[in-house]
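Following: one structure in structure tokens, then a few remarks.
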Amino acid sequence: MLKKLDIYLLRQFTSILILSLLGFLCVFVIVDLIENLDRYIDNKMPWDIVLKYYGYSLPYFINIALPMSMMIASVFSIGLMAKRNEWTAMKSGGISLYRLTAPLLFFSIAVSLVSFQFDNTYVSWGMSMRGEIEKEYMKKKPRRRSKKTFKDIFMQKQEHQHIAITKYQSNSHKAEGITMITFADSLIQQRMDAKKMTWIDTLKSWAIYDYSLRDFDQNGSEINVIISKRDTLLNLDFEPDDITKGNKHPDELNFEELKARIKYLQSNGVDATRWKVQRHFKVAFAFTNLIVVLFGIPLVVMKPKSGLAFGGGVSFLVIFSYYAFIKFGQSLGINGVMDPMLSAWLGNIVFISGGLLLLFSVRK
């Protein structure tokens, strides 16, 4: 009997999940198309490339839409049972809320694990391919405001030159916290550190301020050191466009690639806090699917007569509050206020605790 009920509940849950996921995907694609239509027209982007662009974006949209779809599926699957008095009949038969929702909780854990693997396999790959299309076909800037401040930038030029920049202002072409390392046969040949630099467009050069320049021999020993607080013009073999277009976003890297990037940045004395937060967040975000189900189920059974309306309204408030909270946690980690791992998991810890308390409080 219970096995049939589990199958019945899961079948109802998955059907609602698929329909809501398709609905969210349509909304995301249409909204993104409307927002970027001027970019496609200004850059005379072929429509077959636009289709490829959204094909590569689809895994990312699925990853974002999945938690919201899980929330809707949990609210409506249990809500419909309560509305049809099926839940009342089950309670009369001695079936507890824990037993009823056990298959949904196990299913949400499985979805969370699959979501993590999906993110690492398809989302990061799709975002990387999407970024390549943007670099090649979207060279003109959008009419709307674009991002003006870039932080914790890492670039690699010609395989032997590695550049790290703490902060870059694209409107004024000013950078802070610059480290540039030049390699020769896998050994450091030269290292340049500067507090600030500014692009001089008329001279096609960078003006660096308060800098140090060190040359090394084949044994790794310093052979020449220049330390200056004066303004100096240098041709650094890269321009402002290389910074804004060549900066790879964490979404374009999977978990292992982020781990390797963090290790490399730290070995070169570059602050990798932002990248650490993003690496831990990849794992934490996958378990959003479990959190929304934990909240969705008790919200419906709290008020069986108005379960769908009440549960649906509050569930959307919960998920958007959760998204705001995890962004708050990330900002604490990025700014060094909190440990990167704790900041990425802060929202999960708070909302899983809240979901469990809510689930225990509504047991009859």
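Which entries in the list 52/276; 4/282; 195/263; 229/327 go over 27 Å, if you measure between the two C-alpha atoms of each?
Where the Cα-Cα span goes over 27 Å, the pairs concerned are 52/276; 4/282; 229/327.
Here the Gaussian network model covers the chain, with springs between Cα atoms less than 10 Å apart; of 66, 236, 97, 236 fluctuates the most.
Comparing 286, 68, 82 along the charge dipole axis of the chain, the residue lying farthest to the positive side is 82, per the Cβ-charge model. For trypsin sites (Lys or Arg not before Pro), the sites in region 151-204 that DSSP calls loop and that have at most 10 other Cβ atoms within 10 Å are 204. A straight chain from residue 349 to residue 156 at 0.36 nm per residue would run longer than the Cα-Cα distance by 65.8 nm. From the alpha carbon centroid of region 336-361 to that of region 63-110 is 22 Å.
Over all projection directions, the Cα-based convex hull of the chain averages an area of 22.3 nm².
For the Cα trace of region 159-236, dividing Rg by the Kirkwood Rh returns an Rg/Rh value of 1.00.
In this simple spin-label model, placing a label point 7 Å from the Cα along the Cα-to-Cβ direction at both residue 205 and residue 328 gives a separation of 5.0 nm.
Spin-label model, residue 317/residue 249: points 7 Å from Cα along the beta carbon direction are separated by 3.1 nm. I want to verify a result. In a Gaussian network model of the chain, Cα cutoff 10 Å, which of these has the top mean-square fluctuation: 252, 35, 132? For the chain, modelled as a Gaussian network with Cα springs under 10 Å, the answer is 35. When Rg and the Kirkwood Rh are both derived from Cα coordinates, the Rg/Rh ratio for region 191-235 amounts to 1.08. Name the most mobile residue of 235, 219, 335, meaning the one with the largest mean-square fluctuation, in a Gaussian network model of the chain with Cα contacts below 10 Å. Most flexible of the set in this elastic network: 219.
Values in this text are rule-based calculations from the coordinates and carry no lab data. As the structure is a computational prediction, the values presented were derived from the model and not from experiment. When we count neighbours, we look across all protein chains shown, and the Cβ atoms used for this are built from the backbone with ideal geometry, even at glycine.
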